[in-house]
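The values are calculated or read from the model by the stated rules, or taken from the named source; none is laboratory data. Just so we're clear, the structure is a prediction, and the values are computed from it rather than from any experiment. Cβ atoms come from the backbone with ideal geometry, glycine included; neighbour counts cover every protein chain shown. Protein only, heavy atoms only, side chains kept; ligands, DNA and RNA dropped before computing areas. Shrake-Rupley method; radii C 1.70, N 1.55, O 1.52, S 1.80 Å.
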Amino acid sequence: MRSMLADEGRAELLPWEDVILDVQGPFTKSEDGMQYVLSYHCTCLKVPKLEAFEAVSYTHLTLPTNREV
């Protein structure tokens, strides 16, 4: 299933093959101590996946490119 906003011109791409990463924050700390949000935006489906984390560090900004979404 695809978003109604998905670009038909990009239909040949597999979902999550072309991704835009964005970091938002700092926000008020949650009960778990999370203060930032890393968002993965699939350019094919036009849907995000969000991941919360405590602080911005080298590890948080390099590992997502090696993970499977």
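Residues that are in a loop (DSSP other than H, G, I, E, B), in contact with a strand residue (DSSP E or B) (Cβ under 6 Å, 6 or more places away or on another chain), at pLDDT 85 or above and open to solvent by less than 60 Å² (accessible area, probe 1.4 Å) occur at least once in segment 17-25. When segment 26-59 is filtered for residues that are open to solvent by less than 60 Å² (accessible area, probe 1.4 Å), within 30 Å of Leu14 (Cβ to Cβ) and not hydroxyl-bearing (Ser, Thr, Tyr), the ones remaining, listed by number, are Val37, Leu38, Cys42, Cys44, Leu45, Val47, Glu51, Ala52, Phe53. Pairs are defined by a Cβ separation below 6 Å, a sequence spacing of at least 6 or placement on different chains, a first member in segment 41-52 that is without any contact (Cβ under 8 Å) to a residue 60 or more places away in the chain, and a second member that is open to solvent by 20 Å² or more (accessible area, probe 1.4 Å) and among the basic types (Lys, Arg); the pairs so defined are Cys44/Arg10; Leu45/Arg2. In summary, Thr65 fulfils each of the numbered conditions (1) outside any loop (DSSP other than H, G, I, E, B); (2) open to solvent by 50 Å² or more (accessible area, probe 1.4 Å); (3) modelled with pLDDT of 65 or more with the single exception of condition (3).
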